[in-house]
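**Student:** Have a look at this one before I ask anything.
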Amino acid sequence: MERCPCCNARLTGARVCSRCQADLVCVFDSERLARHWLSKALQFWLAHNPQMAILALSPSIYLKRTPLALVFRDFITRQQCQSIPELLEKKEYAQAKELLSLLRDLNPQNKFLRQLYGFTRYLFVKDKIEVSARQSSEFH
């Protein structure tokens, strides 16, 4: 952080603003935690664990929306969305829905993710109804 969030004074790295005397400990701590969670997200991604990467990236972005975290979020979203059609084709609706739910939580303003999640949910419910109808017709 370069400027005080209270008075916009240039910061020197001290834990208290030299102009307004605002305590900046919590602000610095949240930035440190954001970097920690972003680092964890990258580690999980490199370990081929995309779901944990998504879960670790969420608090990082919540604490501080850095350009790197936002670019990584968009990268993960694009990469993971490529697997959704394959999951839907295999009728693995629950897995697709879970993945889309994580991505949607990571990027709630993404209209495409919301629409794809809605479509996946529709297919999931439709499949459950069809399975239930088949089972009830087998009993009668």
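**Student:** Working only within the stretch 58-88, note down all residues that are aliphatic (A, V, I, L, M) and farther than 24 Å from MET1 by Cα.
**Tutor:** Quick first cut of the stretch 58-88, residues aliphatic (A, V, I, L, M) only: 61, 63, 68-71, 76, 84, 87-88.
Passing the criteria: ILE76, ILE84, LEU87, LEU88.
**Student:** Scan the stretch 41-60 and give yes if some residue there is touching a residue at least 40 places away in the same chain (Cβ under 8 Å), small (Gly, Ala, Ser) and at negative phi, otherwise no.
**Tutor:** For the stretch 41-60, residues touching a residue at least 40 places away in the same chain (Cβ under 8 Å), small (Gly, Ala, Ser) and at negative phi: present.
**Student:** Can I ask one more? Scan the stretch 24-31 and tell me whether some residue there is out of contact with any Asp or Glu (no Cβ under 6 Å at 6 or more places or on another chain), outside any loop (DSSP other than H, G, I, E, B), surrounded by 17 or more Cβ atoms within 10 Å (Cβ to Cβ) and not hydrophobic (A, V, I, L, M, F, W, C).
**Tutor:** Within the stretch 24-31, none of the residues are out of contact with any Asp or Glu (no Cβ under 6 Å at 6 or more places or on another chain), outside any loop (DSSP other than H, G, I, E, B), surrounded by 17 or more Cβ atoms within 10 Å (Cβ to Cβ) and not hydrophobic (A, V, I, L, M, F, W, C).
**Student:** Considering the stretch 50-63 alone, what residues qualify as being surrounded by fewer than 18 Cβ atoms within 10 Å (Cβ to Cβ) and either over 11 Å from LEU102 (Cα atoms) or among the basic types (Lys, Arg) (or both)?
**Tutor:** Hits for the stretch 50-63 are PRO59, TYR62.
**Student:** Please list, ordered by first then second residue, the pairs with beta carbon atoms under 6 Å, 6 or more apart or interchain, first in the stretch 87-100 and farther than 13 Å from ARG114 by Cα, second of a type in the set (Asp, Glu).
**Tutor:** TYR93/ASP127
Condition check ((1) of a type in the set (Asp, Glu); (2) more than 18 Å from ARG73 (Cα to Cα)) across all residues:
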residue	(1), (2)
GLU92	yes, yes
LEU106	no, no
ASN110	no, no
ARG114	no, no
ALA133	no, yes
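Every number in this text was worked out from the coordinates using simple rules, so none of it is lab data. This structure is a prediction, so every number in the text was calculated from the model and none was measured. Please note: Cβ atoms are built from the backbone with ideal geometry, for glycine as well, and neighbour counts cover all protein chains shown.
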